[in-house]
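Take a look at the structure below.
The values are calculated or read from the model by the stated rules, or taken from the named source; none is laboratory data. In this text, all values refer to a predicted model and were calculated from it rather than measured experimentally. A quick note on method: Cβ atoms are made from the backbone with ideal geometry, for glycine too, and the neighbour counts reach across all protein chains shown. Surface areas here come from the heavy atoms of the whole protein model, side chains and all, with no ligands, DNA or RNA. Shrake-Rupley method; radii C 1.70, N 1.55, O 1.52, S 1.80 Å.
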Amino acid sequence: MKEEDLKKIFGKRVRFIRKERNLTQEQLSEMTDMDPQHFCKLENGTHFPSPKNLVKIANALNVDIFDLFTPTSKNKTLDKIFIQAKTLTEEELEFVLNTIYSLLKLRKT
């Protein structure tokens with residue numbers, strides 16, 4: 001994968017997660033103590049953060065660093081579920097999974 005492609009994936013993913021969190025670029029730049037203009041360049045895929053800022057961004061968005069490099073899928077609903085699932089406890093995740101299984105069983109009948 002080319003560096004430019006990785007920058008684009010990163011930028012799109014950060015923008016998607018930021019919007020899911022109802023944050024503006026300015027709010028997120030304040031949370032990470034980063035320059036708003038630099039943050040704009042990150043989301044546009046023209047710049048890449050330092051390792052220190054990468055950790056700050058992941059922490060501010062409450063995601064794993066790996067999640068910032070996972071391309072946003074074509075299905076925005078699945079992306080929303082994935083992001084929200086990161087905040088659930090094991091017990092809550094188990095409940096959600098059982099609910100999905102139940103819905104799938106009902107669908108088959």
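Sub-8 Å Cβ pairs linking a first residue in the range 81-109 that is farther than 30 Å from A60 by Cα to a second residue that is small (G, A, S), at least 6 apart or interchain, number zero.
Residue count for the range 17-35 under the criterion of being outside any loop (DSSP other than H, G, I, E, B) and either open to solvent by 70 Å² or more (accessible area, probe 1.4 Å) or at positive phi (or both): the result is 5. Considering the range 70-109, the residues that are farther than 25 Å from I17 by Cα and either open to solvent by 80 Å² or more (accessible area, probe 1.4 Å) or in contact with a strand residue (DSSP E or B) (Cβ under 8 Å, 6 or more places away or on another chain) (or both) include one that is modelled with the lowest pLDDT, namely T109. Quick check on E4: is it over 14 Å from the mean Cα position of the chain (by Cα) and without any contact (Cβ under 8 Å) to a residue 40 or more places away in the chain? No, not satisfied.
Does L6 meet the test of being exposed (fewer than 15 other Cβ atoms within 10 Å of the Cβ) and among the hydrophobic types (A, V, I, L, M, F, W, C)? Taking the combined requirement at face value, the residue satisfies it. All told, T77 meets the bar of being out of contact with any Asp or Glu (no Cβ under 7 Å at 6 or more places or on another chain) and under 23 Å from K8 (Cβ atoms). Taken as a whole, the condition of being free of Cβ contacts under 8 Å to residues at least 60 places away in the same chain, in a loop (DSSP other than H, G, I, E, B) and either surrounded by 15 or more Cβ atoms within 10 Å (Cβ to Cβ) or of a type in the set (D, E) (or both) does not apply to V14. Taking the stated definitions as given, is N44 open to solvent by 90 Å² or more (accessible area, probe 1.4 Å) and either of a type outside the set (A, V, I, L, M) or more than 14 Å from the chain's Cα centre (by Cα) (or both)? Here the answer is no, as N44 does not meet what is asked.
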